[in-house]
Amino acid sequence: MAAPRPAYACDPDRSRGRQFAEPPSRTRSPFRRDCDRVIHSTAFRRLKHKTQVFVFHEGDHYRTRLTHSLEVAQIARALARQLGLDEDLTETLALAHDLGHPPFGHAGERALDDCLKAHGGFDHNAQTLRVVTSLEHRYPDFDGLNLTWESLEGIVKHNGPLMTRSGSPVGRYHERGIPVGVSDFVRAYDLELSTFASLEAQVAAIADDIAYDAHDIDDGLRAGLFTVDDLKVIPIAAEIINDIELHHPGLDDHRRGAELVRELISCLIGAVYSEARLRLERARPASVEEVRNQAEPLIAQAEVAIKAFLYERMYRHPRVMRVMGDAEQILFDLFARYHNHPTDLPPEWLPMENSGESETERARRIGNFIAGMTDRFALTEHRRLVAHDVDTSSSLWL
């Protein structure tokens with residue numbers, strides 16, 4: 001007999017529903033249905049050829065957004081199971097969290113944000129919301145995927161509230177305000193931006209951190225940006241490496257690295273679970289609403305020392321910086337080309353005749369098209385439309 005669902009877990013039978021009413025599925029819960037819709041979306045398939053740190057041509061073994069999302073889902077489900085949360089909602093949010101990322105990782109996001117700075121900028125969370133509420137065109141009765149309120153809330157707020165109770169933007173949005181893709185949407189469909197998201201969303205967010213940290217270490221080792229022994233400056237990694245050397249003396253570096261990543265994931269999951277149990281015991285939330293109205297998240301931050309190491313030794317590595325600089329230029333070039341030669345866009349991305357489109361609407365339409373590109377397609381389009389005018393000695397074209 002299954003254990004009773006904790007009061008703080010989201011219950012699919014009590015979902016707040018969908019923006020557009022649909023008859024319920026005979027065989028799937030609302031959250032399972034959300035997860036299946038994400039998996040079958042065009043944007044999810046494109047993650048196969050979108051990268052995080054390394055551009056796709058560097059080799060088949062580096063993470064893509066798709067493999068990363070699958071790894072996040074595995075970690076998130078493990079945590080959700082231990083905490084008694086709804087695994088389908090947790091998996092939905094884990095698989096959907098990167099749908100709005102443009103090609104070339106954070107370099108692509110920086111480039112699009114700069115291109116759109118006069119029109120509200122670019123934010124990948126807001127873009128994910130656009131994807132699942134308007135840019136996917138798969139259903140006859142609505143645009144987007146028509147996900148449940150709980151899934152949309154988790155997509156927007158998995159990193160915490162976006163504003164105070166009085167309506168002031170907080171955190172990363174304090175200076176620039178709520179992204180237009182979010183602020184426009186919540187005027188029609190309130191996602192309660194001043195509260196925390198569900199525990200399922202908080203688990204998906206922390207699983208993203210764990211997967212990102214552990215697997216960027218794996219990719220960095222594979223790329224030769226640092227060695228296993230270099231990682232001993234991180235206390236948690238040093239402890240694991242010393243334990244590996246004790247139990248497996250003479251192990252080759254490839255297996256040492258793989259064992260380090262495996263043990264690191266297990267260790268971080270355990271630490272997050274233990275801290276979550278302490279916070280839940282202290283807060284004793286009697287409902288999902290009480291989770292949302294806490295003064296702090298109930299799922300704690302993972303390991304910050306790893307991020308500091310990766311920032312210095314990987315994300316700021318000259319080799320990575322050079323390639324990401326080239327990638328940014330590709331998106332700058334493409335945005336300018338489509339802006340100056342709008343008929344270069346596919347027919348389905350052209351405005352309707354006599355639409356009276358504003359300059360902001362035009363810029364955001366181009367931005368949406370570029371954000372949906374894979375690395376490979378962006379390179380192909382750049383070669384087709386722009387490359388004859390630029391220096392192609394960059395490693396991105398080799």
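For the chain, adding -39500 (n - 2.57) for each run of n ≥ 4 DSSP H residues and dividing by the number of residues yields -16500 deg cm²/dmol at 222 nm. Tally up the carbon and sulfur contribution to the accessible surface of segment 203-346 as a whole percent, 1.4 Å probe, everything protein left in place. Accessible surface attributable to carbon and sulfur in segment 203-346 totals 52 percent. If I model segment 336-388 as equal point scatterers sitting on the Cα atoms and use the Debye formula, what is log10 I(q)/I(0) at q = 0.16 Å⁻¹? Log10 of I(q)/I(0), two decimals: -0.48.
Using alpha carbons only, the radius of gyration of segment 171-271 set against its Kirkwood radius gives Rg/Rh = 1.19.
For segment 1-115, what does the alpha-carbon gyration tensor say about shape, rounded, prolate or oblate, given a ≥ b ≥ c as the root eigenvalues, a/c under 1.5 as rounded, and a/b over b/c as prolate? Prolate. Taking all protein chains together, Leu246, Leu152 sort by accessible area into Leu246, Leu152, largest first [probe 1.4 Å]. In summary, the chain shows an alpha-carbon radius of gyration equal to 1.02 times the 2.2 N^0.38 Å reference for compact globular proteins. Hey, can you find the accessible area per residue of the chain for me, probe 1.4 Å, expressed in square angstrom? Accessible area per residue, the chain: 47 Å². Distant-in-sequence amide contacts of Thr51, defined by a placed amide H-H separation under 5 Å and a gap of 5 or more residues or a different chain, comprise Arg65, Phe104, Gly105, Asp375. Comparing Ala295, Thr380, Phe369 along the charge dipole axis of segment 251-398, the residue lying farthest to the positive side is Ala295, per the Cβ-charge model.
When a/c reaches 1.5 or more, the comparison of a/b and b/c decides; with that in mind, is segment 110-192 rounded, prolate or oblate per its Cα gyration tensor? Verdict is oblate for segment 110-192. Overall, the chain carries a charge dipole of about 520 debye about its Cα centre when +1 sits on the Cβ of Lys and Arg and -1 on the Cβ of Asp and Glu, all other atoms neutral. If the chain linking Ala7 and Asp230 were pulled fully straight, counting 0.36 nm for each residue of separation and taking away their Cα-Cα distance, it would gain 75.8 nm. When nucleic acids and ligands are ignored and a 1.4 Å probe is applied, Asp184 ends up with an accessible area of around 80 Å². The phi torsions of segment 101-107, fed into the Karplus equation with coefficients 6.51, -1.76 and 1.60 and a -60° offset, translate into couplings of 6, x, x, 6, x, 5, 4 Hz, rounded to whole numbers, with Gly and Pro shown as x. If you sort Arg172, Arg33, Arg187 by accessible surface, 1.4 Å probe, largest first, the order is Arg187, Arg172, Arg33. A straight line joining the Cα centroids of segment 265-344 and segment 68-124 runs 8 Å. Hey, any idea what % of segment 1-158's accessible area is carbon plus sulfur with a 1.4 Å probe? In segment 1-158, the share of accessible area belonging to carbon and sulfur is 50 percent. Computed with a 1.4 Å probe over protein heavy atoms only, the accessible area of Arg110 comes to about 120 Å².
Karplus-based coupling profile of segment 66-79, in residue order and whole Hz: 5, 5, 4, 4, 5, 5, 4, 4, 5, 5, 5, 5, 4, 5, with θ = phi - 60° in 6.51 cos²θ - 1.76 cosθ + 1.60 and x standing for Gly or Pro.
Would segment 262-398 count as rounded, prolate or oblate if I go by the C-alpha gyration tensor, calling it rounded below 1.5 in a/c and otherwise prolate when a/b exceeds b/c, oblate otherwise? Taking the square roots of the gyration eigenvalues as a ≥ b ≥ c, segment 262-398 is oblate. For segment 1-160, a crude dipole built from +1 on the beta carbon of Lys and Arg and -1 on the beta carbon of Asp and Glu, taken about the Cα centre, is about 200 debye to the nearest 20. Across segment 138-153, computed HN-Hα scalar couplings (Karplus, 6.51 cos²θ - 1.76 cosθ + 1.60, θ = phi - 60°) run 10, 10, x, 9, 6, 7, x, 9, 6, 6, 5, 4, 5, 5, 5, 4 Hz from first to last residue, x flagging Gly and Pro.
The values are calculated or read from the model by the stated rules, or taken from the named source; none is laboratory data. Note that the structure is a prediction, hence the values are computed from the model and not measured. A quick note on method: Cβ atoms are made from the backbone with ideal geometry, for glycine too, and the neighbour counts reach across all protein chains shown. Surface areas here come from the heavy atoms of the whole protein model, side chains and all, with no ligands, DNA or RNA. Shrake-Rupley method; radii C 1.70, N 1.55, O 1.52, S 1.80 Å.
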